[in-house]
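The values are calculated or read from the model by the stated rules, or taken from the named source; none is laboratory data. The structure presented is a predicted model; accordingly, all values stated were derived computationally and were not measured. All Cβ positions, even for glycine, are placed from backbone atoms using ideal geometry, and neighbour counts span all protein chains on display. In case anyone asks, the SASA skips ligands and DNA or RNA and just uses the protein heavy atoms, side chains included. Shrake-Rupley method; radii C 1.70, N 1.55, O 1.52, S 1.80 Å.
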Amino acid sequence: MIRTITATVNNSSGVLNRITGLFARRQFNIESITVGVTENPEISRMTFVVNVDNDRALDQVIKQLNKQVDVLKVRDISGDTIVARELALIKVVSTPQNRSEIETLASPFRASIVDVGRDSVTLQVTGDHQKVEALIDLLKPYGIKELARTGATALKRSSKSQSQELKYSFIQ
Amino acid sequence: MSMDLEVEAKMQAAEQTDTQMSGSQMILQSLVEEGVDIIFGYPGGAILPTYDEIYKKGIRHILARHEQGAIHAAEGYARVSGKAGVCIVTSGPGATNVVTGIADAMIDSLPLIVISGQVATNVIGTDAFQEADMVGITMPITKHNFQIRDVQEIPTVMKQAFHIATTGRPGPVLIDLPKDVSTNVGTFNYPKHIELPGYQPTVQPNRLQIKKLNAAIKEAKRPVILAGAGVLLSGGSSELATFAKTRNIPVVTTLLGLGSFPESEELSLGMAGMHGLYTANMALHESDLLINIGARFDDRLTGNLDHFAPNATIAHVDVDPAEIGKNIDTDIPIVSDAKRALEILNTSKEENDGFTAWHEHLTSYQKENPLWYEEDGETLKPQKLLELIYEETNGEAIVTTDVGQHQMWTAQYYQFDEPDHWVTSGGLGTMGFGFPAAIGAQFAKPDKAVVAVIGDAGFQMTLQELSILQELNLPVKIVIVNNASLGMVRQWQQLFYEERYSHSLFPIQPDFIKLAEAYNIPGFKVENPDEARDVLKKGLEMDGPVLFDFRVTSLENVYPMIAPGKGHQEMEGVKP
Ligand SMILES: Cc1ncc(C[n+]2csc(CCOP(=O)(O)OP(=O)(O)O)c2C)c(N)n1
Ligand SMILES: [Mg+2]
C-alpha cells in the first residue's frame, strides 16, 4: 500500500543521508522523497511516499524514523485530508503545427509552457500524483523527449470540514 | 525579564566557567564533567593533540594493543559498571578497527562514547592521509553520531552524546574530531541542560496498558515472564524479583538477560532460545500470557515465528517503541523503562490463582528434561568444565565469554544469581569479544573475580591484549575451552552439511602456555579430566592473571537445540 509520510527534521548536514540509509537497510521501499526547509530555517520538512506491504511494515517505518535523533516529528498523513503536490517538467516533441493543440490540451491542467525549442516544447505542471500522471499520458502520443519529476510534497489541510468532500483537489 | 536581570544573568553565566581551552582540553574536561574515570584507546596522528592532553591531565587511559581490544574492553566496562564505556582512537585505520565493536554495542544496547580523530576540516573529502568517513561508516551502527566542525560545539556535543548513549535504549555514540578542531581554542562552558527535541525517550508506562496487563494476569492460567537485557540495563532486577514472586509467575530469560532473575530461584526456568533449556522453551510455547520485559524477540530466541507462543497473549515492555511489534504482534504494548514499569506493576494488589497446575506441569518438564551430557571416562567434557568453574567460583564471578559452543555451555551451566555478572556478545556474535571484555569488566569491578571463558579460535582473534594483563597485573582468569576447532561451526557442519568440516578443524595450534609465558603470565594446561578441578582451584586462587588451556572433548555438541526454521516445541537433543 502507498502511504504518505511527512517528517520534520533538523536542517543539519547528513540528515537526508541518515534517512535514506535507514530506508535502504530496513528494506523500506520509497517511491519518492522530497526535502525543503520550512518556515523555520533550522528545520526541514521531508515528504516520503512509501510502498509498504502491511501495517507492521508501516509501523516500523514510522517508529524507525522517530528513533532518529534528528527527526523531530513524523506523521502518516495518508488517511488525512491533505494537499499533496508534485511538479513535472515535460519536454514534448512538437512542431509549429501542433503547438497550439498541445497548449489546448495542457490548459485544463493549468500546465504552462516554460520553454520552446525548434522541435519541442517544455511544459510545467503541478498537482497531485494522478493529475501529473494524467497529463503525461495525454502527452505521450506526441513523443516525450525528456521528463523530470519531483516527488510529492504535502501538508495537512487546516480545516477538515472544508476538505471533506474534496479529498484531493484534482485540478486547481 | 527586565534589562537589568538579563544583564545580570548573562554576567553570572559568564563568570561560571568561561575558560579558554583547546578542543582537546574541552574533550577531556567534558569527560571529567561526565564522571569518566577510565578510557580505553590507542593513539595516532589525528588524535595526537588529545593524547597530549591525556598526558598532561593524567586521566586514566588503558592502552590496548589493537583498537578492537580497546572497544570490547569499553563494552565490558559498560556492561558491568552501567556507565558509558569510553574509547578513543585515531582517524582512518584506528577508527575502522573499532567498527566491529560499535556494531556489537549497537545491537546489544551498550552505552559507548567513541571519539575518533579525523583529518583537518580543510582536507576532509580529499582522501587525505588516514582519512575515512567515520560518520558515514558508522551511521547505521550508532545510536547517533557527530562530526564536530567548530571547537565551540564541543561541550554541547559531548553533553548530548553522553545523554543519548546512556538514556532510553542505550547505545554507542561516535564523535568524529577533526585535528584542527582539537587544537583550536574556544570558551568552555559545560551545558547543564540538554536540548534535544528529537530525542525524548518514553520511560513512563501508560497506565491503561499496565491495567490491561494486570487484568490479563488475572485471567491467565499459564503466564510466563521473558526477561531480557532491558531489565539489567534499567537496573530493574530486584523489581523483577518482586514482580515474579508476588505474582508467582515463572521466569525465562534470554541469553543477554541471564542474571536479571536469580537462576537458583524456584521460579527460574533458565534461558530460552536456540540452545535454551527445554522447560524454558516449552513454557514460552505453552503459555497463555507471555510478559516480555526488555527483550527484543530476537530470532535466536523465538525460533520459527510461525510456531512462537501460539496461544499466548503477548505483553511487551520495551523502552524502544520500534521493538514492540517488530517481530511479534503485541496485544499489550508498554513503552517504558523496564524498571519503571515493574515498579508500577508492583504497586498493584491484584490477586491471582497461584497457577498451581502450571507450576506443577513445568516442574515435571524440569525433572524429565534437564540439561544433560554423558561422561566418556576419558576426556574432559566441556559441560563438566563449566560446572567446575561455577563451583570453584561459588557462582560469584563475573563471567565473560567469546562466541561459539563454549558460550552456550557457559550460559547453560553457569548459574547467574546476580545482575551484571554476565558479559557476552549476543546480537552480533562477535568472536574476539570475550577476552578484552573481561579486561573492561575487571576495571569496572577491580575486587571481583573475573573469568573469561574463551574458545581456542576466538582467543586468537584478540589475544594481543595479554599485554594489558602483563603490564597492569590485571587478575583476569582466562579459561580456554580448547576443542581444537571452530566448535560451533563444526557442529553445524556435522548437523547440516553432512560432516564436511570445511575449515573448522585446526591442524595446528599455538602452545598457549608458552604464549602466556611470553607475557609472563602463569599458564596451566589440563588434559586429564581428573586434574581439572584441582588445577582450576589453584589457578583461580592466584593473585594475578592466569591462563588455563583445558583440552576438552573435541567433537562434543551443544544440546538441546532448536534447528534453524524450527519452533520451540521441536527441540532436538533433549535428554533421552
Ligand atoms: C568474528 C567472527 N567470525 C566468525 C564467526 C562465526 N563463528 C561462530 S562460532 C565460531 C567458532 C568459534 O570457535 P571457538 O572460538 O574455538 O569456540 P567453540 O565454538 O569451539 O567453543 C565461528 C567461526 C563469528 N561468530 N565471529
Ligand atoms: Mg574451539
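For region A:2-76, averaging the sequence separation of C-alpha pairs within contact (under 8 Å, six or more residues apart) and dividing by the residue count gives a relative contact order of 46 percent. Counting only protein heavy atoms and using a 1.4 Å probe, what share of the accessible area of chain B belongs to carbon plus sulfur, as a whole percent? Exposed carbon and sulfur together represent 50 percent of the surface.
Spin-label model, B:Asn248 to B:Gln470: label points 7 Å out along the Cα-to-beta-carbon direction sit 6.0 nm apart.
Among the residues of B:196-202, the average count of other protein chain beta-carbon atoms within 10 Å of the residue beta-carbon is 5. Dipole of the protein assembly as shown computed with +1 at Lys/Arg Cβ and -1 at Asp/Glu Cβ about the Cα centre; of B:Ile508, B:Ala128, B:Leu267, farthest Cα towards the positive end is B:Ala128.
Antiparallel beta bridges, as assigned by DSSP with both residues in the protein assembly as shown, represent about 45 percent of the total such bridges. In terms of its C-alpha gyration tensor, the protein assembly as shown has a prolate overall shape, because the principal axis ratio a/c (a ≥ b ≥ c, square roots of the eigenvalues) is not below 1.5 and a/b outweighs b/c. Taking the centroid of alpha carbons for each part, region B:291-318 and region B:497-532 are 38 Å apart. Cα centroid separation, region A:59-79 to region B:99-135: 26 Å. Rounded to the nearest 20, the size of the Cβ-charge dipole of the protein assembly as shown about its Cα centre is 2160 debye, with Lys and Arg at +1 and Asp and Glu at -1. Counting only GluC sites (Glu not before Pro) that sit in a DSSP loop (anything but H, G, I, E, B) with at most 12 other Cβ atoms within 10 Å, what is the longest stretch of chain A containing none of them? The segment A:43-164 is the longest one with no such site. Modelled spin labels at B:Ile513 and B:Glu343, positioned 7 Å past Cα toward Cβ, are 5.4 nm from each other.
Relative contact order of chain B, taken over Cα pairs closer than 8 Å and 6 or more residues apart, is 14 percent. A dipole drawn for chain B from +1 and -1 charges on Cβ atoms has a positive end, and of B:Val450, B:Thr50, B:Val476 the residue lying farthest that way is B:Thr50.
Could you report region A:2-76's accessible area per residue, 1.4 Å probe, as an integer in Å²?
Averaged over the residues of region A:2-76, the accessible area is 49 Å².
Given R0 = 56 Å, the distance between the Cβ atoms of B:Ala563 and B:Glu195 translates into a calculated FRET efficiency of 0.65. For region B:494-539, the list of trypsin sites (Lys or Arg not before Pro) that fall in a loop by DSSP and count at most 12 other C-beta atoms within 10 angstrom reads B:Arg500.
Rounded if a/c is under 1.5, else prolate if a/b is larger than b/c, else oblate: which is chain B, with a ≥ b ≥ c the root eigenvalues of its Cα gyration tensor?
Working: a/c = 2.07, a/b = 1.24, b/c = 1.67.
Cα axes put chain B in the oblate bin.
The contact between chain B and chain A removes approximately 1400 Å² from the accessible area (both sides summed; 1.4 Å probe; ligands, DNA and RNA excluded). Sorted largest first by accessible area at a 1.4 angstrom probe radius, with every protein chain in place, the residues B:Tyr365, B:Tyr559 fall in the order B:Tyr559, B:Tyr365.
Kindly identify region B:19-188 as rounded, prolate or oblate by the Cα gyration tensor criterion: order the square roots of the eigenvalues as a ≥ b ≥ c, call it rounded if a/c is under 1.5, otherwise compare a/b with b/c, prolate if a/b is larger, else oblate. Verdict is rounded for region B:19-188. Summing Lys and Arg as +1 and Asp and Glu as -1 over all other residues whose Cβ lies under 12 Å from the Cβ of B:Glu33 gives a net charge of +1.
As a length-normalised measure over Cα pairs under 8 Å and 6 or more apart, the relative contact order of region B:207-368 settles at 27 percent.
The local environment of B:Ser116, defined by Cβ-Cβ distances under 13 Å, has a net charge of -3 under the rule Lys, Arg +1 and Asp, Glu -1.
Segment B:Asp299..B:Val185, full-extension length gain: 36.1 nm, with 0.36 nm per residue of separation and the alpha-carbon distance subtracted. Extension gain for the segment A:Leu89 to A:Lys156, taken as residue separation times 0.36 nm less the Cα-Cα distance, is 21.6 nm to one decimal.
The calculated FRET efficiency for the pair A:Gln130 and B:Asp18, based on their C-beta separation and a Förster distance of 41 Å, comes to about 0.10.
Over every Cα atom in region B:201-318, the radius of gyration and the widest Cα-Cα span, Dmax, amount to 13.1, 36 Å. With R₀ fixed at 60 Å, the C-beta to C-beta distance from B:Lys218 to A:Arg110 puts the FRET efficiency at about 0.45.
Charged neighbours of B:Gly228, selected by a Cβ distance under 11 Å, balance to -3 (K, R count +1; D, E count -1). The simple spin-label model puts a point 7 Å past each Cα toward its Cβ; for B:Glu531 and B:Arg500 those points are separated by 4.0 nm. With the helix formula -39500 (n - 2.57) applied to DSSP H stretches of n ≥ 4, the protein assembly as shown reaches a computed 222 nm mean residue ellipticity of -10000 deg cm²/dmol.
Centre-to-centre separation between the Cα atoms of region B:36-62 and those of region A:1-53: 39 Å. DSSP finds beta bridges in chain B, and of those with both partners inside it, around 10 percent are antiparallel.
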